Amino acid sequence: MGTAPKDKIDKPGFKPVVSNLEVKSEYVQKLDKVPVTEFEYQPVRFEKDITLVQIKPLVNLHFVENPVNDVFSLKIKYGIGSYTNSKLSHLAVALQYSGTTEKSASEFKNEFANIGCTYSITVSDFSFNVNIEGIEKNLPKAIELINELLTKPDITKTAMGKVVEEEKLTRKMEDSEPQSVADALLEYVKYGQKSDYIDRLSLKEIIKLTPDDLISELEKVKKYEMEIHYVGRSKTHSPEKVAEMFASNFKMEDNLTKNTSATAKIELNQYKENIIFFVNDKKALQSNIYFFINGKPYDISEKFGVNIFNTYFGGGFSGLVMQEIREYRSLSYSAWGYFQTPSLRGREMAFTGYVGTQADKTMEALEVYIDLLKNMPQKVERTDLIKNYLIYSGSTSRPSFRYLSETVVRWKHEGFKEDPYLTLQKQYKNMTFEDINRFYEANVKGKPIVIAFVGNKKKIDMKELEKAGIKVDSCTLTGISMLTRDLKKLIIENLRSSMWASGLIIILVLFLCYRSLKLVLLSTLPLITGLVILSGSMAVLGLDFNFFNLIVIPMIVGIGIDDGVHLTNTFIQADNGTMPEKLSRTGRAAVLTTLTTVAGFGSIALSSYPGLRSMGYVAVIGISAVSYTHLRAHETVLDLVCRLLLE
């Protein structure tokens, strides 16, 4: 048993491989001779490819023809999402497990299955979505059923339990996965207190939610603007017929409120200096590092620059980031970087980058990435590669008919009045490397760099970063999960040091009292044996220490020492007789105190709360163990041990 010693291997002093970009392999030369097939792009025609029918004010049907089969797609989007109301994500989960006042959850799902349809409830930042797919001849029945769910929901305790269960699992993953911690830190860097990880219900608040609370939120959702996206064959159900189905069989409120995506105030944090937000993870073997740079308000005129820069700088394996950091230097397992554009013109665009690397390679990876941002290499020879990629990938990336209407709505929100590729294609054909460099100079070079970093602080030379002009600011993530983890860690560390101190004090007091190491050892016998039994029992039962059950350890120590002192004093004061006879003088009192203490903590062991329950388990096992050693150990063994110790 045990752990084998680990050999520490120094990193080899290999230098990065420098590619000879002026030489082409025989295979590439053959590929270059293959004639390029010109694709004729079929642009999306906003007015012709999508039929728009207004069912009532702020309720619009977007109808797209299905050219393939008789399977329809239906998406009902209410104009409010989790950005405005964090309870909606829990409402979506609850409805997935709910039935109606007329049908149980299983009966309701069976009704959908019987008509060859499926449904799901989802939520995004700015929409609450009802999604249905199925055989299009059964569309009227599907609309009736989903209307029943939305107007007569029966959210049971089982559904509420699923809400809590899924949220507990999510937050446990957030706490345990370094990547999740890094994602949370990036959200904080971008949005501060409006981060999704902060501006949400606590687990305690979620547990307190009732079915009536969620049904009340559903009623609020139905008072917002509706987008209905339908894909089907017009020969089966024409746009007008689908609109009539909703008007007749789907309840829609009057005086609806406009979509919150157009009115919500979304502001990114603004930074005027280079800074690192750092979360120290002492056990981290890898570092997760995000980079963030503020941008300017987005306009469709920026689309061309964003696309060519993203392709050059972070375009997969051929992008600068991956080539310089992973391929040339083997500094990371993942690396990327690109400008993100908002879904609504006028809102701020921003650069986000990432490096995932080994802890011992962190400083070098950081330095390389920062240098790429500050002094972007000018690889002019890649211009034609980027140009051809954007032209041909764009010509083959027309939106699928299933998502066509939603894509067009998004394009309109960005400010486009026609298919963006019609303009971009012309710009791609005339692009030069100077266009890439111009975008870089205007949006990246010289801008404050913000770094969100989760890793082992011992592996990073913070002074070197500060010399490079980057201010280091340590961050502390908060929340129930983080608080629980930190409390457990703090209690264990303090308990370990206090137990050593108290152990030394106890031994010193016993020695001053008895003036004999043998008697001191005899006094600690019940405690030592009891703690061994406790540890073994917890391992067998699969119990872990937490900051609830650790609280009772000092009490077990106290009871164990008390029993040991009684054991020793009884032996010393006895004139003759065997050990059990001597123990009987104080045994009755010890039995009574043990039983009453175990009874008290035994009641806690019946608690429905896991923390209190574990406290009861540890107390009952520990107290019983030390008392068992004191009172019920085998007569011959105890008598022999005591005689050997005192001879």
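Starting from 0.36 nm per residue, how many nanometres of slack lie between N280 and T151 once their C-alpha separation is accounted for?
On the way: separation 129, 0.36 × 129 = 46.44 nm, distance 4.90 nm.
Result for the pair: 41.5 nm of gain on full extension.
Please list W500, W336 in order of solvent-accessible area, largest first, computed with a 1.4 Å probe with all protein chains present. Walk me through the intermediate numbers first.
Working: W500 185, W336 70 Å².
I get W500, W336, largest accessible area first.
Pairs K379/K457; K137/K220; K109/K208; K75/K137; K152/K235: which exceed 24 Å Cα-Cα? Provide the component values of the computation, followed by the final result.
On the way: K379/K457 35 Å; K137/K220 32 Å; K109/K208 27 Å; K75/K137 17 Å; K152/K235 33 Å.
Violating the 24 Å Cα-Cα cut-off are K379/K457; K137/K220; K109/K208; K152/K235.
When the accessible area of the stretch 270-336 is split by element with a 1.4 Å probe, what percent falls to carbon and sulfur?
Details: 1420 of 2840 Å².
C and S atoms contribute 50 percent here.
Would you mind checking K157/K251; K87/K251; K296/K445 for any pair whose Cα atoms are more than 18 angstrom apart? Please list the in-between numbers first.
On the way: K157/K251 26 Å; K87/K251 22 Å; K296/K445 14 Å.
Those over the limit are K157/K251; K87/K251.
What does the net charge come to around L150 if you take all other residues with beta carbon closer than 13 Å to its beta carbon, with K and R at +1 and D and E at -1?
Working: positive: K152, K220, K222, K223, K251; negative: E144, E148, D154, E217, E219, E253.
Result for the local shell: -1.
Mind ranking 37-44, 511-518, 622-629 by how tightly packed they are, going by the mean number of other C-beta atoms within 10 angstrom, highest first?
Working: 37-44: 11.2, 511-518: 13.1, 622-629: 23.2.
Descending packing order for the listed peptides: 622-629, 511-518, 37-44.
Which of the peptides 208-214, 85-91 is most tightly packed, and how do the rest follow, going by the mean number of other Cβ atoms within 10 Å of each residue? Kindly include the intermediate steps, with their values, before the conclusion.
On the way: 208-214: 14.9, 85-91: 21.9.
Packing order, densest peptide first, comes out as 85-91, 208-214.
When ranked by the protection proxy of mean other Cβ atoms within 10 Å per residue, highest first, what sequence do the peptides 281-292, 49-60 form? Kindly include the intermediate steps, with their values, before the conclusion.
Numbers: 281-292: 19.2, 49-60: 16.2.
In decreasing order of mean packing, 281-292, 49-60 become 281-292, 49-60.
The values are calculated or read from the model by the stated rules, or taken from the named source; none is laboratory data. All values reported here derive from a predicted model rather than from experimental measurement. Ideal geometry is used to build each Cβ from the backbone, glycine not excepted, and the neighbour counts take in all protein chains shown. Accessible surface areas use protein heavy atoms only, side chains included; no ligands, DNA or RNA. Shrake-Rupley method; radii C 1.70, N 1.55, O 1.52, S 1.80 Å.
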